[in-house]
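Remarks on the structure that follows.
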Amino acid sequence: MNVPDLNDVRIRSINLNWRGPTVTLRVDLPSFPRAARQEWTDAGMDTMQCQLQFLAVENLSLTDWNPPSIGRIEMSPWGREGRMRVTADGSGVALRFDCSESVRVGHVSAFHLQADGSDNGPHLFESRIDARRHTSLPPTDEKTFYER
């Protein structure tokens with residue numbers, strides 16, 4: 001398993017879905033890539049955001065949630081083969097669960113972080129489908145964005 005360090009990520013949302021069951025975290029990465037698309041840098045984007053989706057979730061515990069929170073997401077092998085434990089701890093978040101070892105990364109976008117720390121405003125999406133459908137984050141009830 002080759003997972004980059006996810007230190008000092010801003011965790012924006014946690015979506016729990018009984019189908020699967022699944023946990024999806026929407027996070028801002030701690031640094032903007034040096035080799036970002038020219039379109040993104042030309043537009044003044046300075047923050048990268050994505051969703052991390054975890055499948056076959058068990059033993060979920062969420063004891064603190066005050067978004068947006070800055071924390072560390074750790075993934076490590078756990079229990080039987082093909083499983084891992086995920087912990088997200090930090091200021092305003094205490095989340096732990098066991099899940100399938102694979103992680104789906106999706107809805108990658110770049111945006112300009114607002115002075116108040118919000119992610120309102122335009123987003124430039126990596127995916128052609130997302131880019132065609134969205135110019136900013138859709139409302140949280142948009143199931144095709146937050147649940148798949």
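Listed values, structure above:
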item	result
Formal net charge of residues neighbouring Asn7 (Cβ-Cβ distance under 14 Å; K, R +1; D, E -1)	-3
Environment charge at Pro67 (Cβ cut-off 10 Å; Lys +1, Arg +1, Asp -1, Glu -1)	+3
Pairs of alpha carbons in the range 54-133 whose separation is greater than 18 Å (percent)	58 percent
Gap separating the Cα centres of the range 9-61 and the range 75-148, nearest whole Å	3 Å
Sparsely packed trypsin sites (Lys or Arg not before Pro) within the range 7-78, loop by DSSP, other Cβ within 10 Å at most 10	Arg19, Arg34
In the range 27-109, the GluC sites (Glu not before Pro) that fall in loop regions by DSSP, at most 13 other Cβ within 10 Å	Glu81
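All of the numbers you see were taken from the coordinates with simple rules; none came from a lab. Since this is a predicted model, take the numbers as computed values, not measurements. Please note: Cβ atoms are built from the backbone with ideal geometry, for glycine as well, and neighbour counts cover all protein chains shown.
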